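Structure first, then comments.
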Amino acid sequence: MKRNIYSLLVAVLGMMTFAACTEDAGTTPGSDSQATVTLYQYTAEDPYDSDCDVRVRIAANSATTEAYALAETVTEKEQRVAQLGAEGYNDYVVANGEKLSDIHGASIQDKVFTGLKGENVITVVAVGGGSKKAAETQFTGISWTDVATGTYTFSVATIKTIYKAQVTTTLQYCDSEPSSYRFKNLFGSGKHLKFTKTNSTYDDGGAVCRVAAQETPLTYGSYGTISVRDVATWQNDDNYLDCALYDDGSFYAWVQYFVAAGNLGHGYDEFVPNE
């Protein structure tokens, strides 16, 4: 009886040993069998423009000896893959993409891709062990067209005191949504003031506009972040809407600046294009 139990125990241990030896390679840290990268997408922060710039974190496994990155439009990639095939496209990325200097073995690198317009795809190809493997992430870039450069004048004393009375800025409209406008970098690099042009006009020909509530990067002491909105939004009454954009790029807006605790003041901000 004891001999039978001993034989059974040896058989079970043998099966356990066999199972352990036949597990997929790469489950033990530092022994990955195939080069692989994983991509994580984040908002691009100052001084980048988050509308058309994106930060991607590339995490490589231990089998990765190097990696290459390429950003292009979705249409461009689809055409190349159709022409070259998946493996051929990987070769294309290695030949034409940017080598990621910090990727070697188990490693991480952050990279910001800038100036992306429309539907884009970022492909990173991991190389190692005689193989190439791709990973991708998509990003929709919002592009803007310049209308005029000029001077923006703030109306509220608090803003003039803690920031500036006037700022040189560029008025732009959104290519994919022409009714959307912004004053580029009005509150600093990557910090814009956005507004929307409606289909209505005032008697003098100015297009009626709206400045939706939005945060600025400015703060007011211990009260925290300063936000801005048109007075009509503040009062929840369109009778107070008085914001206009003219064909030459001139603009004015009756706006309120505020913090969570309350009002900081209101008045007419103005933008005058350069002659």
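Considering segment 195-226 alone, what residues qualify as being surrounded by 15 or more Cβ atoms within 10 Å (Cβ to Cβ) and without any contact (Cβ under 8 Å) to a residue 24 or more places away in the chain?
Residue satisfying the conditions is Thr196 alone.
Exactly one condition in (1) in contact with a strand residue (DSSP E or B) (Cβ under 9 Å, 6 or more places away or on another chain); (2) within 21 Å of Ala148 (Cα to Cα) is not met by Thr219; state its number.
(2)
Can you tell me which residues in segment 189-231 are of a type in the set (A, V, I, L, M) and under 26 Å from Asp51 (Cβ atoms)?
Within segment 189-231, Leu193, Ala207, Val208, Val211, Ala212, Ala213, Leu218, Ile226, Val228 meet the criteria.
Name the residues in segment 106-119 that are surrounded by 15 or more Cβ atoms within 10 Å (Cβ to Cβ) and free of Cβ contacts under 8 Å to residues at least 60 places away in the same chain, would you?
Initially, segment 106-119 is screened for residues surrounded by 15 or more Cβ atoms within 10 Å (Cβ to Cβ), giving 107, 109, 111, 113, 116-118.
If the condition is that a residue be surrounded by 15 or more Cβ atoms within 10 Å (Cβ to Cβ) and free of Cβ contacts under 8 Å to residues at least 60 places away in the same chain, then Ser107, Gln109, Lys111, Gly118 are the ones that fit.
Restricting to segment 61-76, what's the tally of residues that are under 28 Å from Ser33 (Cβ atoms) and either open to solvent by 80 Å² or more (accessible area, probe 1.4 Å) or not aromatic (Phe, Trp, Tyr) (or both)? Quick ask: steps written out before the conclusion?
Of the residues in segment 61-76, the ones under 28 Å from Ser33 (Cβ atoms) are 61-70.
With either open to solvent by 80 Å² or more (accessible area, probe 1.4 Å) or not aromatic (Phe, Trp, Tyr) (or both) added as a condition, the list becomes 61-67, 69-70.
Qualifying residue count, segment 61-76: 9.
If Ser180 satisfies every condition in (1) closer than 25 Å to Val74 by Cβ; (2) in contact with a helix residue (DSSP H, G or I) (Cβ under 8 Å, 6 or more places away or on another chain) but one, which is the exception?
The one condition Ser180 does not meet is (2).
Pick out the one residue from Asp32, Asp46 that is under 13 Å from the mean Cα position of the chain (by Cα) and at pLDDT below 95.
Testing whether each residue is under 13 Å from the mean Cα position of the chain (by Cα) and at pLDDT below 95 leaves just Asp46.
Out of the residues in segment 43-60 meeting the condition of being open to solvent by 30 Å² or more (accessible area, probe 1.4 Å) and touching a residue at least 40 places away in the same chain (Cβ under 8 Å), tell me which one is nearest to His104 (Cα to Cα). Talk me through it step by step, then tell me what you get.
As a first pass, look at segment 43-60 and keep what is open to solvent by 30 Å² or more (accessible area, probe 1.4 Å): 43, 45-48, 50, 55, 57.
Now drop any that are not touching a residue at least 40 places away in the same chain (Cβ under 8 Å), which leaves 45-48, 50, 55, 57.
Details: Glu45: 26, Asp46: 28, Pro47: 28, Tyr48: 27, Ser50: 28, Arg55: 20, Arg57: 14 Å.
Filtering first and then ranking leaves Arg57.
Among the numbered criteria (1) touching a Leu at 6+ places or on another chain (Cβ under 9 Å); (2) within 23 Å of Thr201 (Cβ to Cβ), which one does Asp238 miss?
That leaves (1) as the condition not met.
Could you check segment 124-175 for strands (runs of 3 or more DSSP E) lying wholly inside it with 2 or more residues that are surrounded by fewer than 19 Cβ atoms within 10 Å (Cβ to Cβ), in contact (Cβ under 8 Å) with a residue 40 or more places away in the chain and touching an Asp or Glu at 6+ places or on another chain (Cβ under 6 Å)?
none
Can you tell me which residue is least open to solvent (accessible area, probe 1.4 Å) among those in segment 227-275 that are assigned to a loop (DSSP other than H, G, I, E, B) and either without any contact (Cβ under 8 Å) to a residue 12 or more places away in the chain or at positive phi (or both)? Spell out the reasoning first.
To start, the set of residues in segment 227-275 that are assigned to a loop (DSSP other than H, G, I, E, B) comprises 236-237, 241-242, 246-250, 260-261, 274-275.
Of the ones still in play, those that are also either without any contact (Cβ under 8 Å) to a residue 12 or more places away in the chain or at positive phi (or both) are 236-237, 249, 275.
Details: Asn236: 140, Asp237: 52, Gly249: 1, Glu275: 225 Å².
Selected residue: Gly249.
Filter segment 77-100 down to the residues that are surrounded by 11 or more Cβ atoms within 10 Å (Cβ to Cβ), polar (S, T, N, Q) and either farther than 14 Å from Ile122 by Cα or modelled with pLDDT under 95 (or both) and list them by number.
Selection gives Gln79 alone.
Consider Gln41 against the criteria (1) farther than 18 Å from Asn120 by Cα; (2) within 25 Å of the chain's Cα centre (by Cα); (3) at pLDDT 95 or above: it satisfies all of them except one. Which criterion is unmet?
Result: Gln41 fails condition (1) only.
The values are calculated or read from the model by the stated rules, or taken from the named source; none is laboratory data. Note that the structure is a prediction, hence the values are computed from the model and not measured. Glycine also receives a Cβ, built like all others from the backbone with ideal geometry; neighbour counts cover every protein chain displayed. Just so you know, the surface numbers come from the protein's heavy atoms only, side chains and all, with ligands and any DNA or RNA stripped out. Shrake-Rupley method; radii C 1.70, N 1.55, O 1.52, S 1.80 Å.
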